[in-house]
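The values are calculated or read from the model by the stated rules, or taken from the named source; none is laboratory data. Here the structure is a predicted model, which is why all the values come from computation and not from measurement. Reconstructed Cβ throughout: ideal geometry from the backbone, glycine too, with neighbour counts over all protein chains shown. Each accessible area value is taken on the protein alone, full model and side chains, heavy atoms only, with ligands, DNA and RNA left out. Shrake-Rupley method; radii C 1.70, N 1.55, O 1.52, S 1.80 Å.
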Amino acid sequence: MLVSLNGEQKELAEGIKLSELIDMLDLSHRRLAIEINQEIVPKSQHAKYEIKPNDKIEIVHAIGGG
Amino acid sequence: MTNTTDQLIIADKAYNSRLLTGSGKYKDLDETRAATEASGAEIVTVAIRRTNIGQNPDEPNLLDALPPEKYTILPNTAGCYTTEDAVRTCRLARELLDGHDLVKLEVLGDEKTLFPDITATLEAAEILVKDNFKVMVYTNDDPIIARRLEEIGCVAVMPLAAPIGSGLGIRNPYNILTIVENANVPILVDAGVGTASDAAIAMELGCDGILMNTAIAAAQNPVLMASAMKKAVEAGREAFLAGRMPRKRFASASSPIDGTFF
């Protein structure tokens with residue numbers, strides 16, 4: 001299935017959980033926040049959340065800024 | 001007056017430093033860490049952006065250089081031009097920082113000036129305060145708007161002294177003074193400071209603190225400038241508390257006239 005990940009199209013396996021995607025991206029040890037279709041998915045829900053076709057996933061972190 | 005008796009209180013938390021710093025525009029994270037350390041800042045702003053997907057997973061992380069256990073991290077809404085984007089950014093920041101609810105709200109109006117969009121700023125402030133955020137808000141140097149933002153419930157109001165990143169100094173000291181005199185929440189100059197004397201002037205006007213980034217990061221020697229800014233903010237604060245002498249048009253001798261032998 002196709003999803004949008006940080007603005008880019010990405011092919012993912014059907015039924016993949018959000019926590020599995022985070023592992024796949026090597027981001028599991030990172031401090032991040034995730035929004036899907038403009039709704040925050042809290043860290044406590046990552047393992048349960050099943051990604052659906054056409055989900056718009058945004059993964060953000062903190063960078064330098066003033 | 002020592003620091004322990006003259007603390008800056010923001011949203012019920014006490015800080016010894018009245019200098020807040022940004023973490024942008026540094027050469028690398030080592031410089032960010034060293035300059036932040038030298039500035040003595042306890043509150044440091046960060047931006048929220050997309051994670052780089054598929055890049056080096058061991059790439060150093062800003063929050064390793066500026067650990068939230070040591071610094072109060074102040075996520076900003078830099079780059080937001082709409083109420084919606086600013087509110088969304090704050091909600092992501094709160095999730096990122098495990099429920100930490102202190103944010104710096106800025107809704108920009110135009111890329112050339114980076115002046116705030118005031119109507120959108122007021123709207124976003126209302127939404128965020130209702131959503132239990134503690135909002136430190138970037139605004140222009142308009143005393144009426146500053147008061148309005150305080151009434152909405154912002155925990156600090158942060159007027160610009162000059163455009164962001166311009167280094168032009170305190171362009172309208174009388175407006176800053178009026179904002180300070182009207183306020184019941186901390187007033188921090190945010191943006192426009194170029195060098196140490198600008199920081200001292202803002203503090204002598206009675207500002208509660210200063211937030212700066214480019215003045216330090218774009219100096220030839222950022223770590224040395226961070227140290228200069230720390231001293232300037234402290235000096236300006238002490239001068240404000242001490243109360244300056246009145247200005248006089250003509251001279252007044254410092255040595256007595258009595259007892260002269262010539």
Ranked output for segments B:199-212, B:157-170, B:218-231 by mean other Cβ atoms within 10 Å, highest leading, reads B:199-212, B:157-170, B:218-231
Compute the Rg/Rh shape ratio of the stretch B:18-107: radius of gyration over Kirkwood radius, all on alpha-carbon atoms. 0.96
Could you tell me, in Å, what Rg and Dmax come out for the Cα atoms of chain A? 11.7, 40
Can you give the accessible area of B:GLU151 in Å² (nearest 10), computed on protein heavy atoms with a 1.4 Å probe? 120
Give a residue-ordered list of calculated ³J(HN,Hα) values for the stretch B:61-77 (Karplus: 6.51 cos²θ - 1.76 cosθ + 1.60, θ = phi - 60°; whole Hz; x for Gly, Pro). 10, 4, 6, 7, 6, 10, x, x, 6, 9, 10, 7, 7, 10, x, 10, 10
Relative counts (whole %) of C-alpha pair distances in the stretch B:126-175, using bins that are 5 Å wide: 5, 21, 26, 20, 15, 9, 4, 0
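Quickly rank B:40-49, A:55-64 as a protection proxy: mean count of other C-beta atoms within 10 Å, highest first.
B:40-49, A:55-64
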Name the residue farthest towards the positive end of the dipole of the stretch B:103-262 from the options B:GLY153, B:MET203, B:ASN140, assuming +1 on Cβ of Lys and Arg, -1 on Cβ of Asp and Glu, about the Cα centre. B:MET203
Before anything else, pin down the relative contact order of chain B: Cα pairs under 8 Å, at least 6 apart, normalised by residue count, whole percent. 18
Magnitude of the Cβ-charge dipole of the stretch B:156-244, K/R +1 and D/E -1, about the Cα centre, nearest 20 debye? 140
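Output the relative contact order of the stretch A:2-61, whole-number percent, from Cα pairs under 8 angstrom with separation of 6+ residues.
Reported relative contact order: 49 percent.
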Output the 0 to 90 degree angle, nearest 10, between the alpha-carbon long axis of helix B:83-96 and the longest principal axis computed from the alpha carbons of chain B. 80
Dipole in debye (nearest 20) - the stretch A:2-61, about Cα centre, beta carbon charges: Lys, Arg +1; Asp, Glu -1: 220
Projected area averaged over all directions for the convex hull of the alpha carbon atoms of the stretch B:68-126, nm², comes out at 4.2
For chain B, take N as its residue count and report Rg(C-alpha) divided by 2.2 N^0.38 Å. 1.09
Convex hull volume of the protein assembly as shown per residue (C-alpha atoms, cubic angstrom): 160
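So how strong a dipole does the protein assembly as shown carry about its Cα centre when Lys and Arg Cβ are +1 and Asp and Glu Cβ are -1, to the nearest 20 debye? Walk me through the numbers on the way to the answer.
Details: 33 positive and 46 negative charges, 180 e Å.
Using Cβ point charges on Lys, Arg, Asp and Glu, the protein assembly as shown gives about 860 debye.
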Past the 23 Å Cα-Cα mark, which pairs from A:LYS48/B:LYS70; B:LYS70/B:LYS231; A:LYS10/A:LYS52; B:LYS25/B:LYS70; A:LYS56/B:LYS70; A:LYS10/A:LYS48? A:LYS48/B:LYS70; A:LYS56/B:LYS70
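Could you work out the relative contact order of the stretch B:1-153? I mean the mean sequence separation of Cα pairs under 8 Å and 6+ apart, divided by the number of residues, in percent.
That works out to 16 percent.
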At q = 0.09, 0.17 Å⁻¹, base-10 log of I(q)/I(0) for the stretch B:72-201 (Debye sum, equal scatterers on each alpha carbon): -0.23, -0.84
Nearest 10 degrees is fine. How inclined is helix B:222-242 to the longest principal axis of chain B, computing both from alpha carbons? 50
Rounded to 10°, Cα long-axis angle of helix B:173-182 versus longest principal axis of chain B: 80
Could you sort B:129-141, A:37-49 so that the peptide with the highest average Cβ count within 10 Å comes first and the rest follow in order? B:129-141, A:37-49
